[in-house]
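**Student:** One structure, pasted below without further comment.
Bear in mind that the values in this text are calculations on the coordinates, not laboratory data. Every value quoted in this text rests on a predicted model; they were computed, and no experiment measured them. Cβ sites come from the backbone with ideal geometry, for glycine too, and all protein chains shown count toward neighbours.
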Amino acid sequence: MTVCLCAAFGGCSERRLDDQAAPRRSTNVVTADIQSGIEKHIADQTSQSGGYFTVAYGENELLLKLVRVHTEYLANLGSRRHFACVDLVDTIGDVYDVDFFLAGEPGAMRVTETMVHKLNGVPFYAWQQKPDRTWVRVPIEEASQRLLGVITGSDEFEFLYSVKLPKITGPARMWLPWPSSDEFQTVEVIAVSDVGTHRLLTDRKHGNKVLFVELDPTDSLKTIDIRFQVKRVEIFAYPADEPNPQKHLNPERLVPADQNFQTIAREVTEGRTSDIMKARALYDHVMERVRYMKYGSGWGKGDAVYACNVGTGNCTDFHSYFIALARAVGIPARFAIGAAIPSERNDGGIDGYHCWAEFYADGKWWPVDISEADKYSSLSTYYFGHHPANRFEFSRGRDLVVEPAPSFGPINFLAFPILEIAGKSAPVRTEFSFIRL
């Protein structure tokens, strides 16, 4: 029979089992067991291979070090089979996303298959589920828009925002995004964990809602779960929703008005006669200039100067650089952040936040998503002027101003929670997951 060694959390291959064999079930395998199994495999091979984990890649052998295990994609596939997705970095800083299949019980798992899935966020294949619920790999050039992350029209889902608190040693405060309804998304709060004392704040600069939670040591190690039901529609260029779009020419702390940006933007847009043409030239420039890479220090802050100088980063860095360049030639531009809801499956974990941007031209706001366009070149035209329906916007803008404010002042952007214990910043574990309705 054919069974689904499933990609509910990340992907899998199609496998066939002997019809006469009675598969033996794994004994209470949880994702922590799978994480331990793949980390042990990588550590053992690293210690045996001169300090590097080796992976065959074409005719070459990659020398890699572990960056992170994608805990949101770990999956128990049944019959003592498991799936893990891992980021590893090579000696020059390129990050490889590697898919692993494992077999065995907790404490005794072995890797049965290793496949390089992505290089610096750009995939070599996609996963597609067949009618019999098995999954197969599809070459990127043959993949549909949906397999590449795009749902057109509309989408509806439940979204779980889950925060695991650390040990709290004194009075603590936390700020979390509180997504709002607008013309593109309808948001209903289904449930919120009764942990700490809650109240809603309003960001004075952009109008975002922010959940402010006061905590004490009795809240140590508790989990705050917020469950939303969301209806979302695809976004095209749309009329301005505020009377003064020109305010989005103003600089921000990490998106400054910089002479270097002006020089680059003028050179890139030379000969372009309209703001739309100029924006497209800047969009293409950012794709050419910046490489998607979440490694090292400095990335992920939305620092336009960093993205320009280093030429690497994640979605925040791509879009901050674009916004800085657009503003440098007089095109208002703004930032938004939330989550990209997986399109190729209907439930499971989500790999962190995602952000995007909009620019103002011809009386309309034009959506752009440059980091996704960079990953999927076939979608570069779509992402200039569209946001797919499978998105969930948490907050909009930079340097959010609320009262009470964190000790460091305005909030750079708000996707993951900000926690302070006794006035000092503290790490907090956050996970996103969804169920499509």
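**Student:** When the Cα centres of segment 322-374 and segment 103-161 are compared, how far apart do they sit, in Å?
**Tutor:** So the separation of the two Cα centres works out to 22 Å.
**Student:** Which residue, chosen from 202, 152, 174, occupies the Cα position most advanced towards the positive end of the dipole of segment 136-241, where the dipole is computed from +1 (Lys, Arg) and -1 (Asp, Glu) charges on Cβ about the Cα centre?
**Tutor:** Working it through, the farthest residue towards the positive pole turns out to be 174.
**Student:** Could you state the principal axis extents of the C-alpha atoms in segment 238-396, from the largest down, to the nearest angstrom?
**Tutor:** Taking max minus min along each principal axis of the Cα atoms, segment 238-396 gives 45, 38, 30 Å.
**Student:** Express in nm, to one decimal, how much length is gained between residue 422 and residue 115 on full extension, taking 0.36 nm for each residue of separation and deducting their alpha carbon distance.
**Tutor:** 106.0 nm
**Student:** Any chance you could get the radius of gyration and Dmax over the Cα atoms of segment 287-381, in Å?
**Tutor:** Both quantities, over Cα of segment 287-381: 13.7, 42 Å.
**Student:** What shape does segment 128-275 take by its C-alpha gyration tensor, where a ≥ b ≥ c are the square roots of the eigenvalues and a/c under 1.5 counts as rounded, a/b above b/c as prolate, and the rest as oblate?
**Tutor:** oblate
**Student:** Then there's this: Could you work out the helix-only [θ] at 222 nm for the chain, with each DSSP H run of four or more residues adding -39,500 (n - 2.57) and the total divided by the number of residues, to the nearest 500 deg cm²/dmol?
**Tutor:** After summing the helix terms and dividing by the residues of the chain, the value is -5000 deg cm²/dmol.
**Student:** Let me know the charge dipole size of segment 277-419 about its Cα centre in debye, to the nearest 20, where only the beta-carbon of Lys, Arg (+1) and Asp, Glu (-1) is charged.
**Tutor:** So the dipole magnitude of segment 277-419 works out to roughly 240 debye.
**Student:** Tally Lys/Arg at +1 and Asp/Glu at -1 over every other residue whose Cβ is under 10 Å from the Cβ of residue 235; what's the total?
**Tutor:** Local charge sum for residue 235: -2.
**Student:** From largest to smallest, what semi-axes in whole angstrom does segment 280-327 give when each is the square root of 5 times an eigenvalue of its alpha carbon gyration tensor?
**Tutor:** Sorted largest first and rounded, they come to 17, 11, 8 Å.
**Student:** Would you work out which of 140, 60, 404 lies farthest towards the positive end of the dipole of the chain? Charges go on Cβ: Lys and Arg +1, Asp and Glu -1.
**Tutor:** Most positive-ward Cα: 404.
**Student:** Dipole of segment 90-133, Cα-centred, from +1 at each Lys and Arg C-beta and -1 at each Asp and Glu C-beta, to the nearest 20 debye? If you can, show how the numbers build up before the last one.
**Tutor:** Numbers: 4 positive and 7 negative charges, 37 e Å.
Using only the charged Cβ atoms, the result is roughly 180 debye.
**Student:** May I pose another question? Scan segment 64-163 for trypsin sites (Lys or Arg not before Pro) in coil per DSSP, keeping those whose Cβ has at most 13 other Cβ atoms within 10 Å, and list them by number.
**Tutor:** 133
**Student:** Could I ask something else about it? If you build a Gaussian network model of the chain, linking Cα atoms that sit under 10 Å apart, which residue out of 216, 374, 155 swings the most?
**Tutor:** Top of the fluctuation ranking is 216.
**Student:** Towards the positive end of the charge dipole of segment 246-317, with charges on Cβ (+1 Lys, Arg; -1 Asp, Glu), say which of 276, 286, 302 has the farthest Cα.
**Tutor:** 302
**Student:** Under a point-charge model restricted to the Cβ atoms of Lys and Arg (+1) and Asp and Glu (-1), what is the dipole moment magnitude of the chain relative to its Cα centre, in debye to the nearest 20?
**Tutor:** Once rounded to the nearest 20, the dipole reads 500 debye.
**Student:** Oh, and also: In segment 74-96, whose amide N lies under 13 Å from the spot 7 Å out along Cα-to-Cβ of residue 67? List them in ranges.
**Tutor:** What the label zone holds, given the 13 Å backbone N cut-off, is 86-96.
**Student:** Then there is this: If I model a spin label at residue 152 and residue 429 as a point 7 Å from the Cα along the Cα→Cβ vector, what separation in nanometres do I get?
**Tutor:** Each label point is offset 7 Å from its Cα along the Cβ direction, giving 4.1 nm.
**Student:** Among the chymotrypsin sites (Phe, Trp or Tyr not before Pro) within segment 177-283, which fall in a DSSP loop and have no more than 14 other Cβ atoms within 10 Å of their own Cβ?
**Tutor:** Counting only loop positions with at most 14 other Cβ atoms within 10 Å, the chymotrypsin sites (Phe, Trp or Tyr not before Pro) in segment 177-283 are 236.
**Student:** To continue, here is another question. Give me the Kirkwood hydrodynamic radius of the chain, using the inverse of the mean 1/r over all pairs of distinct Cα atoms, in Å to one decimal.
**Tutor:** Result for the chain stands at 23.2 Å.
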